[in-house]
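The values are calculated or read from the model by the stated rules, or taken from the named source; none is laboratory data. Just so you know, these numbers come straight off a predicted model, no measurement behind them. Please note: Cβ atoms are built from the backbone with ideal geometry, for glycine as well, and neighbour counts cover all protein chains shown.
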Amino acid sequence: MIQGIGAAAGVAIGKAFVLPNWEWSLPDTQVNPVDLAKEFERLYEGIRTSKDEIEFIKKEFREVVGPEESSIFDAHLAILDDPVFMSEIRGIIERQYKAAEVAVKEAIDHFVAMFDLLDDEYMKERAVDIKDVGNRLLKHLLGAPEVTLPSDTQPYILVAKELSPSQLAHLNPTYVLGIVTMMGGKTSHSSIMARALGIPLVAGLENNLSNPIQTGDMLVIDGDTGSVQIHPDEVTINEYVTLRNKQHKKKEQLELLATVDAVTKDGVNLRLAGNISSVKELNLALKYGAEGVGLFRTEFLYMDRSSFPTEDEQFEVYKQVVEKVGSNMVVIRSLDIGGDKHLDYFQLPEEQNPFLGYRAIRISLNRQDMFKTQLTAILRASAYGNVKLMFPMISSVEEVQAAKALLEEVKAELELRGIPFNRNIPVGIMIEVPAAVMIADLLAEEVDFFSIGTNDLVQYVLAVDRMNEQIAHMYHPYHPAVLRMIRMTVEAARNAKIDISVCGEMAADERSLPLWLELGISDLSMSPQALLKVKHRTLNTLAIDATRVAKACFHHRTSSETEEILSAYAQKSGITLGTNVETKEKASS
């Protein structure tokens, strides 16, 4: 058995197809100085063609996995517009009289080598994006064909040194059983895409593989544990076939829970809502039984465009979501760009720490015209259902007051226009920075509800970038500081008698359920894919026992102690899924 990194969950069993390296070896071709204009023309035509191709791939991929994962290709488009990268290419052509393809190849090699020298694993993996974009441009300059994959009638496990997002986007997930890469890790764009597509992936095998995998080799890969077995014996294959069948059966049985209420064995009700960024994701959330939308990430309405969306364009989308949800709530978060989310048509300043910089509510309050347009669209949609408005990245009372003042202006303008809206629309904030936790009692006096954004809260409390593999092991959701911050926020909300919910990865982690039961949190919001697993855990949990377990967690000195106890409790409280589904279905009928 060979150990790699489990980057996308699931078991795959099948024959390998080894993808040839998508790289080019070029002669050092030079051109006559009088022909430089022609080389620049070839370069710019190659850039235009590459951009069109990336836009097409992005659109196709978006239809499969939604806008968040497909935004990976925004980074590729940005590379083709990057002045430093393009200046390097133009300089080689102009000063050294080299052919366009040679200049592109040398620029790729230069930047990849530069990224590879960095200690930051995340930045090293961005070198894959440079190679991906550069090789696409080279392909057009050389007129080379795409690397062909096996026939769709023969399912296979794809093996590659590294897999670019472009290559992965061309795969048919129906026939790709799994993926093995020599390079990369959990934070690579290809790993993110594989998880979105539901394809098991094991990465980072290069240093542990004594002999290369050959096309036709029989493989068993486990994307949960990161193990790969080459030419496994019959006993091993049968063991993994059983494991894979259990995973598939569990998935089918979980889907039976979609119409069942999330209620513990002793009658404590939870409301599980979905986090969405598109109508397509909403449809998936509703299919899995979401009771409304706990977080509508509106920034994805602003992407894939050349200008800001109009009031009417936004209104139509918000209205569609609200009407689909019916009487359940829809929490619409105002624009949260900046950090790692950028718009092609809105220039953000260069910042050393963009996650701590000009983003989210800070941009909205600075660009009041843009903000008021969005608030108007949200208010108009509030006339069609149960809409709540939420502001992101709040760190002061002043920010809340300024946002609410603008909201009042918009309400007055709508009244003058004679357009209906909910005058008493609930207004809330995300609690995702330590400053907001420390003044939660003051903030609670200003709003109707809190939503604890656990992903960012953990990151900011611990000062750990979870996308940086060098320090990812320090990202501990169960760190005592995080649990204390959450408890402080809940107490502030309870004292002020306002609603509170939890969203993000901690909400989606089944092991966290005892914490929410102990804290009295009944509203959780998560990705559609997590809804049924959390519901299953809820149905199998006795709240009185879970709260007893959780009480101890708030007194532990280390995150590992808490994680150990919660994991053990989750394992102990698990029962046969089929029996539970049958019992609940009878009860509900």
Exercise for review: Run down ALA493, ALA550, ALA530 and say which single residue is in contact with a strand residue (DSSP E or B) (Cβ under 6 Å, 6 or more places away or on another chain) and of a type outside the set (D, E, K, R).
Suggested key: ALA493
Revision key, fill the gap. Exception for ARG136 within (1) modelled with pLDDT under 70; (2) not assigned by TED's automatic domain parsing to the domain that holds GLY223 falls at (1)
Check your understanding: Applying the selection to region 139-166, what residues are hydroxyl-bearing (Ser, Thr, Tyr) and either at pLDDT 80 or above or outside any helix (DSSP H, G or I) (or both)?
Key -> THR148, SER151, THR153, TYR156, SER164
Point to revise | Candidate set: region 211-225, residues that are among the β-branched types (Val, Ile, Thr) and part of a loop (DSSP other than H, G, I, E, B); chosen: the one surrounded by the most Cβ atoms within 10 Å (Cβ to Cβ) | key: ILE213
Point to revise | Conditions (1) at pLDDT 85 or above; (2) out of contact with any Leu (no Cβ under 6 Å at 6 or more places or on another chain): number failed by VAL11 | key: (2)
Point to revise | Boolean, PHE371 is assigned to a loop (DSSP other than H, G, I, E, B) and either buried (at least 23 other Cβ atoms within 10 Å of the Cβ) or of a type in the set (A, V, I, L, M, F, W, C) (or both) | key: no
Revision key, fill the gap. Over region 345-368, the set of residues part of a helix (DSSP H, G or I), charged (D, E, K, R) and within 22 Å of GLY294 (Cβ to Cβ) is none
**Study point:** Selected residue [of a type in the set (A, V, I, L, M), closer than 26 Å to ILE72 by Cβ and surrounded by fewer than 22 Cβ atoms within 10 Å (Cβ to Cβ)] from LEU356, LEU406, LEU414
**Key:** LEU356
Practice item. Assess whether GLU409 counts as being of a type in the set (Asp, Glu), closer than 26 Å to MET329 by Cα and not in a helix (DSSP H, G or I). Key: no
Check your understanding: Just one of the numbered conditions (1) in the same structural domain as ILE500 (by TED's automatic domain parsing); (2) assigned to a loop (DSSP other than H, G, I, E, B); (3) touching a Lys or Arg at 6+ places or on another chain (Cβ under 8 Å) is not true of ILE521; which one?
Key -> (3)
Check your understanding: Which of the helices (runs of 4 or more DSSP H) contained wholly in region 226-344 include at least 3 residues that are in contact (Cβ under 8 Å) with a residue 12 or more places away in the chain and either in contact with a Ser or Thr (Cβ under 6 Å, 6 or more places away or on another chain) or buried (at least 20 other Cβ atoms within 10 Å of the Cβ) (or both)?
Key -> 279-287, 311-325
**Study point:** Criterion violated by PRO420 - all others in (1) crowded, with 16+ Cβ neighbours inside 10 Å; (2) touching a Leu at 6+ places or on another chain (Cβ under 9 Å) satisfied
**Key:** (1)
Check your understanding: Looking at region 183-192, is at least one residue at pLDDT 90 or above and among the hydroxyl-bearing types (Ser, Thr, Tyr)?
Key -> no
Check your understanding: Going through region 429-455 one residue at a time, which ones are surrounded by fewer than 24 Cβ atoms within 10 Å (Cβ to Cβ) and in contact (Cβ under 8 Å) with a residue 60 or more places away in the chain?
Key -> ASP448, PHE449
Point to revise | Residues of region 374-403 that turn out to be surrounded by 24 or more Cβ atoms within 10 Å (Cβ to Cβ), outside any strand (DSSP E or B) and of a type in the set (D, E, K, R), as a count | key: 1
**Study point:** ASP441 among the acidic types (Asp, Glu), closer than 26 Å to LEU356 by Cα and at pLDDT below 95
**Key:** no
Study note, to complete from the structure: Pairing a residue in region 532-544 that is in contact (Cβ under 8 Å) with a residue 24 or more places away in the chain with any residue that is of a type in the set (Lys, Arg) and outside any loop (DSSP other than H, G, I, E, B), where Cβ atoms lie under 7 Å and the two sit 6 or more apart in sequence or on different chains, gives LEU539/LYS584
Practice item. Could you list, in sequence order, all residues of region 500-533 that are surrounded by 18 or more Cβ atoms within 10 Å (Cβ to Cβ) and within 19 Å of ALA436 (Cβ to Cβ)? Key: ILE500, SER501, VAL502, CYS503, GLY504, MET506, ALA507, LEU519, ILE521, ASP523, SER525
Revision key, fill the gap. Note: among ASN386, ASN366, just one is in the same structural domain as PRO434 (by TED's automatic domain parsing), within 25 Å of ASN328 (Cβ to Cβ) and among the polar types (S, T, N, Q), namely ASN386
Review point. Which one is nearest to ALA160 (Cα to Cα) among residues in region 209-225 that are touching a residue at least 12 places away in the same chain (Cβ under 8 Å) and among the hydroxyl-bearing types (Ser, Thr, Tyr)?
Key: THR215
Check your understanding: For region 287-319, which residues satisfy the criterion of being of a type outside the set (Val, Ile, Thr) and within 19 Å of the chain's Cα centre (by Cα)?
Key -> TYR288, ALA290, GLY294, LEU295, PHE296, ARG297, GLU299, PHE300, LEU301, TYR302, MET303, ASP304
